[in-house]
Amino acid sequence: KPRVLSGIQPTADSFHLGNLIGAVQQWVPLQDEYDAFYFIPDLHAITVSQDPKELRRRTKVGAAQLLALGIDPRRSTLFVQSQVPEHAELAWVLGCITGFGEASRMTQFKDKSAKQGSDNTTVGLFTYPVLMAADILLYRPQRVPVGEDQRQHLELSRDLAARFNSRYGDTFVVPEAHIVKETAKIYDLQDPTSKMSKSASSPNGLINLLDDPKVSVKRIKSAVTDNEREIRYDPAAKPGVSNLLTIQSSLTGTPVADLVAGYEGKGYGDLKGDTAEALVEVVTPVRERVNEYLADEAELDRVLASGAERARQVSSDTLADVYDKVGFLRT
Ligand code: TYM
């Protein structure tokens, strides 16, 4: 079976709707056709300061959300990055074939470090994309399902894979980004030309899966739209309406064109009401299942331990090959 791999950071109390629609909803069906590796990148999380207790809790809540959303540990390898030491080890080697200028061109780093100022920006944040390349290349996946904001990082991973292969001989698979155009960027409800993100200026633009659904319904009902009345899919002219259509379509599985046809003669209130209802229907059982998984921590720990063991079987092979090729002594 070909492989896929992807990860989602444990940096918030809940996944948001962008994480769900842009990433996890793509991951679930890929389990059927691929040998899937999904993980919680806690090493990435500490590139900005984290409270240790919170980080541990959020890592477990992250894993519980993946399980609740349909990642099946019997079919996929579900693990936590720090429990597989090969990630940090390969990152060092890859860092040594990454140009300083090349890393400096990463737009996510430029944006984040500009916001934080250079004294609050860590070296870890700078080398973050190199660690991400290690995450991926260790498992030799053919595809990496991510949202649009990870495209440039994926490009770097591909460049590093190809560079290592040409310098040391065929070692890594050069992975393809698996980015589904329609859902790769879910927008902020209050500012529908910016991506939905936990660090947005107003919390009202953000939908968290684990929030009280009443809060989310309110946020959807106060989403920014436009001054027309017509419901049609046109992201350039009608970003707010188009975003709601994308969200509702992803949550219900109804194609956007069918939704639009059904709204003939109806108004934005209907669109918002139906989208809110679709959200409540999806998150209500997910919230329950998350609580069930969290109630049995011993079982959750066992799932993650066995995921880490399986991940290490694959990653330690790749790392041994890499160490050998760069000229380290054989053990
Ligand atoms: P993270 O944790 O920020 O986001 C997890 C996934 O959610 C996607 N995403 C979105 N998709 C659509 N619309 C949005 N508004 C939106 N916001 C987030 C992201 O594109 C991502 O797919 N660096 C990664 C984590 C990572 C990783 C990896 C991913 C570490 N190592 C190896 C893939 C492979 C990140 O910070 O994602």
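Observations on the model:
- Yes/no for residue 185 being in contact with a strand residue (DSSP E or B) (Cβ under 9 Å, 6 or more places away or on another chain) and modelled with pLDDT under 95: no
- Residues that are open to solvent by less than 30 Å² (accessible area, probe 1.4 Å) and modelled with pLDDT under 95, drawn from the range 118-127: 121
- The condition (being buried (at least 18 other Cβ atoms within 10 Å of the Cβ) and of a type outside the set (Asp, Glu)) is satisfied by just one residue among 311, 295: 311.
- Among (1) more than 12 Å from the ligand (Cβ to nearest atom); (2) outside any loop (DSSP other than H, G, I, E, B); (3) open to solvent by 10 Å² or more (accessible area, probe 1.4 Å) - the single one residue 131 does not satisfy: (1)
- The lone criterion from (1) open to solvent by 30 Å² or more (accessible area, probe 1.4 Å); (2) more than 14 Å from the ligand (Cβ to nearest atom); (3) in a loop (DSSP other than H, G, I, E, B); (4) in contact (Cβ under 8 Å) with a residue 40 or more places away in the chain left unmet by residue 13 is number (2).
- Any chance residue 243 is open to solvent by 50 Å² or more (accessible area, probe 1.4 Å) and out of contact with any helix residue (DSSP H, G or I) (no Cβ under 9 Å at 6 or more places or on another chain): no
- Yes/no for residue 52 being out of contact with any strand residue (DSSP E or B) (no Cβ under 8 Å at 6 or more places or on another chain) and either away from the ligand (no atom under 12 Å from the Cβ) or farther than 28 Å from residue 304 by Cα (or both): yes
- A search for C-beta distances below 6 Å between a residue of the range 304-331 that is within 19 Å of residue 97 (Cα to Cα) and any residue that is open to solvent by 20 Å² or more (accessible area, probe 1.4 Å), counting only pairs 6+ apart in sequence or on different chains, returns 319/89; 325/168.
- Sole exception among (1) near the ligand (Cβ under 10 Å from one of its atoms); (2) in contact with a His (Cβ under 9 Å, 6 or more places away or on another chain); (3) among the hydrophobic types (A, V, I, L, M, F, W, C) for residue 209, by number: (1)
- Where residue 179 falls short, out of the listed (1) open to solvent by 10 Å² or more (accessible area, probe 1.4 Å); (2) among the aliphatic types (A, V, I, L, M); (3) under 26 Å from residue 304 (Cβ atoms): (3)
- Of the residues making up the range 153-192, those that are hydroxyl-bearing (Ser, Thr, Tyr) and either away from the ligand (no atom under 12 Å from the Cβ) or closer than 19 Å to residue 136 by Cβ (or both) are 157, 166, 168, 171.
- Annotation note: Cβ proximity below 9 Å between a residue of the range 137-160 that is under 13 Å from residue 178 (Cβ atoms) and a residue that is basic (Lys, Arg) (sequence gap 6+ or interchain) occurs for 141/3; 142/3; 143/3; 147/185; 147/195; 148/181; 148/185; 148/195.
- Single residue of 233, 187 found to be aromatic (Phe, Trp, Tyr), free of Cβ contacts under 8 Å to residues at least 60 places away in the same chain and crowded, with 21+ Cβ neighbours inside 10 Å: 187
The values are calculated or read from the model by the stated rules, or taken from the named source; none is laboratory data. Values in this document were obtained by computation on a predicted structure and should not be read as measured data. For neighbour counting, all protein chains shown are included, and Cβ atoms are generated from backbone atoms with ideal geometry for every residue, glycine included. These accessible areas exclude ligands, DNA and RNA; they are computed on the full protein's heavy atoms, side chains included. Shrake-Rupley method; radii C 1.70, N 1.55, O 1.52, S 1.80 Å.
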